[in-house]
Amino acid sequence: MSKDKFVIGLDYGSDSCRAVVVNAATGEELASAVKYYSRWMEGKYCDPLKNRYRQHPLDYIEGLETTVKESLSKCPAGTAENVVGIAFDTTGSTPVLTDKEGTPLALLPEFAENPNAMFILWKDHTSIKEAAEINELARRWGIDYTAYEGGIYSSEWVWAKMAHLLREDESIRETAYSWIEHCDWLPALITGKTKPEEVYRSRCAAGHKAMWHEKWDGLPSEEFLTTLEPLLAGFRSHLFEKTYTSDTHVGNLTEDWAKRLGLTTNVAVAVGAFDCHMGAVGAEITPRTFVRVIGTSTCDIMVSSYEEMGDKLVPGICGQVDGSVIPGMVGLEAGQSGFGDIYAWFKRVLAWPLENILANSTLIDGETKDKLIAETMDKIIPILSMEAAKVPVKDSSILAVDWMNGRRTPDASQLVKGTITGLNLASSAPLIFRALVEATVFGSKAIVDRFLENGIKIESVIGIGGISLKSPFVMQTLADVLNMPIKVAKAEQACAFGASMFAAVAAGVYDKVEDAQKAMGQGFAKEYYPNHDNHLAYQALYEKYSKLGKFTENELFV
């Protein structure tokens, strides 16, 4: 293998797109670039009070062009000509309705400003009612189509979202012909294979979010879907029966996209997947390793051999899918609907006077106000973390439950709400923040316990994502509560890095993903070890957390 072959991994998160250019032989990162979605950052098309979060496809296209060209501009001369592969990971389920040509409806003039024609971000919970209907129907159907998705369908997933859109918006029904996940649309777009019937659909997305399984010949039956919602009639025939793992070569860049990105038509494009799945590969996941992608939410990934998995069905997780992470193994997914988002919420609460009082002050000039507000906003979480870390576990008297954005696992429910209790007149911002951190970590323990209770062995934990690299307080608390050492992946953009590994396999540089991991893996930046005394103290707090969660779910939010 020549050392002058390069690959590009692109990671589409909730707020931004990140690209990395990587040496396919060594895993050396040559350059990276980040582009925040401009419309999203303006708050367009979203309504948090209604749990509506939509993203315009133009934000994704602009992110692709900007990050690829910017990262290539930082590389040595000749790099672009030697790029051989490209792969994408995205959040999910983040689908969009399309027309017969596979064009997202928001790219058509008549729907350009219609939120229902845009990609529905994973954390959009407008389809809670539809998810409940899917679960009720699955229980009485002859086949439980939710069986390999933890037995509980979520409003974060595609069929609930699609049923909701079609019910809500009559204006889009006639044009809506099919739907596509974000991770499938990007490879289709740049290879020119956008028609719904010819798109290479991700095994990862289909198996974990669309109730796809070979056992029942693909997607749920037409009868099931139309019983759920008659407006879904015909959609199944416009979709897919076959799915593909992310080591698969979709095609090469079209001439137009090669020109737009500054690359050649020799670039192979891989099948897409969800961010946490490719991130786990970038973090060098192996069997019995629990990988946590820790960001606005968390996504937890494991892989298991067919022999060890056997006939196990783990209840209440986000699915178990053959080949969704590493081809030839069963991929398991879990996660929390809110993690960093909960810290960001508390930051916004504390910052309210800055943005609504100080911002309007006439005592200081505008430039000074802006700098003062920006400096304070940047320091809120770091200072809170520093002060919260000083509090002994035995003095952590405030208790919280981490369901501010609903609960993903175990046992998905977007009806539950977050809770904070144990407040008194001495309760300070650092103490409340500490309780929120503990709550998110207790939510993590509930997921680990669910795996262990069902015979899924965990021998090591790996953290990736911004929080794992930037917050020692959170990571040490996590190690203490789980009573497990936690390694932090060195790669700052682990998800994009994992995508680059799949790009290398799709381009033929490596025969399989495990070979790419061995050659390109970057190792670990740090390891956190549990404090035994803290763990014992947290066990008692965790029992209170569990009781509080049951009480609030059963008594307050029924």
At 1.4 Å probe size, what's the solvent-accessible area of Trp345? Round to the nearest 10 Å². 90 Å²
Placing one identical point scatterer on every Cα of the stretch 448-549 and ignoring solvent, what is log10 I(q)/I(0) from the Debye formula at q = 0.24, 0.25 Å⁻¹? -1.22, -1.25
Pairs of alpha-carbon atoms within less than 8 angstrom and 6+ residues apart define the contacts here; what relative contact order does the chain have, in percent? 16 percent
One can check that the equivalent ellipsoid of the stretch 370-483, built from the alpha-carbon gyration tensor with semi-axes equal to the square roots of five times its eigenvalues, has lengths in Å, largest first, of 26, 18, 15
For the pairs Lys161/Lys490; Lys44/Lys161; Lys44/Lys100; Lys161/Lys544, flag any whose C-alpha to C-alpha distance is greater than 24 Å. Lys161/Lys490; Lys44/Lys100; Lys161/Lys544
Per the Kirkwood formula on distinct C-alpha pairs, the Rh of the stretch 109-171 is how many angstrom? 12.6 Å
At q = 0.08, 0.11 Å⁻¹, what base-10 log of I(q)/I(0) does the Debye formula yield for the chain when every alpha carbon is treated as an equal point scatterer in vacuo? -0.51, -1.00
For the stretch 377-446 and the stretch 174-205, what is the separation of their C-alpha centers, rounded to whole Å? 39 Å
Solvent-free Debye scattering, log10 I(q)/I(0), computed from the Cα coordinates of the stretch 222-291 at q = 0.17, 0.24, 0.28, 0.29 Å⁻¹: -0.88, -0.99, -1.13, -1.17
Antiparallel as a % of all DSSP beta bridges within the chain, to the nearest 5? 70 percent
Any aspartates and glutamates with Cα under 16 Å of the Lys369 Cα? List them, leaving off those in the same chain fewer than 8 positions away. Glu355, Asp378
Counting only protein heavy atoms and using a 1.4 Å probe, what share of the accessible area of the chain belongs to carbon plus sulfur, as a whole percent? 52 percent
Expressed as a whole number of Å, what is the distance separating the alpha-carbon centroids of the stretch 297-321 and the stretch 213-266? 23 Å
Given Cα pairs under 8 Å that are at least 6 residues apart, what percent is the relative contact order of the stretch 135-241? 30 percent
Using a 10 Å cut-off on Cβ atoms, rank the peptides 294-302, 105-113 from the highest mean neighbour count down. 294-302, 105-113
Using a 1.4 Å probe and counting only protein heavy atoms, arrange Phe274, Phe551 so the residue with the most accessible area comes first. Phe551, Phe274
I'd like to check one number: the per residue accessible area of the stretch 193-251, probe 1.4 Å, reported in Å² as a whole number. 40 Å²
Bin all alpha-carbon pair distances of the stretch 7-118 at 5 Å intervals from 0 and give each bin's fraction as a whole percent. 2, 11, 19, 20, 16, 12, 9, 7, 3, 0
Within the stretch 123-184, which GluC sites (Glu not before Pro) sit in a loop by DSSP and count at most 10 neighbouring Cβ atoms inside 10 Å? Glu174
Mind checking the full-extension length gain between Ser427 and Leu536? Use 0.36 nm per residue of separation minus the Cα-Cα distance, one decimal, nm. 36.9 nm
How much net charge surrounds Ser154 when only other residues with a Cβ under 13 Å from its Cβ are counted (Lys, Arg +1; Asp, Glu -1)? -1
Ranked packing of 82-88, 410-416, 9-15, most packed first, by mean Cβ within 10 Å: 82-88, 9-15, 410-416
At 0.36 nm per residue, minus the direct Cα-Cα distance, what do Tyr36 and Thr254 gain on full extension? Give it in nm, one decimal, please. 75.9 nm
Using a 1.4 Å probe, how large is the accessible area of Asp370, given in Å² and rounded to the nearest 10? 100 Å²
Determine the dipole magnitude for the chain: charges of +1 sit on the beta-carbon of Lys and Arg, -1 on that of Asp and Glu, nothing else is charged, the reference point is the Cα centre, and the result goes in debye to the nearest 20. 1000 debye
So Val391 and Lys547, fully extended at 0.36 nm per residue minus their Cα-Cα distance, gain in nm 53.8 nm
Enumerate by residue number the trypsin sites (Lys or Arg not before Pro) in the stretch 459-542 meeting two conditions: DSSP loop (anything except H, G, I, E, B), and at most 14 other Cβ atoms within 10 Å of the site's Cβ. Lys512
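The values are calculated or read from the model by the stated rules, or taken from the named source; none is laboratory data. Everything numeric here is computed off the predicted structure, so don't read it as measured data. Backbone-built Cβ (ideal geometry, glycine too); neighbour counts: all protein chains shown. These area figures cover heavy atoms from the full protein model, side chains too; ligands, DNA and RNA do not enter into them. Shrake-Rupley method; radii C 1.70, N 1.55, O 1.52, S 1.80 Å.
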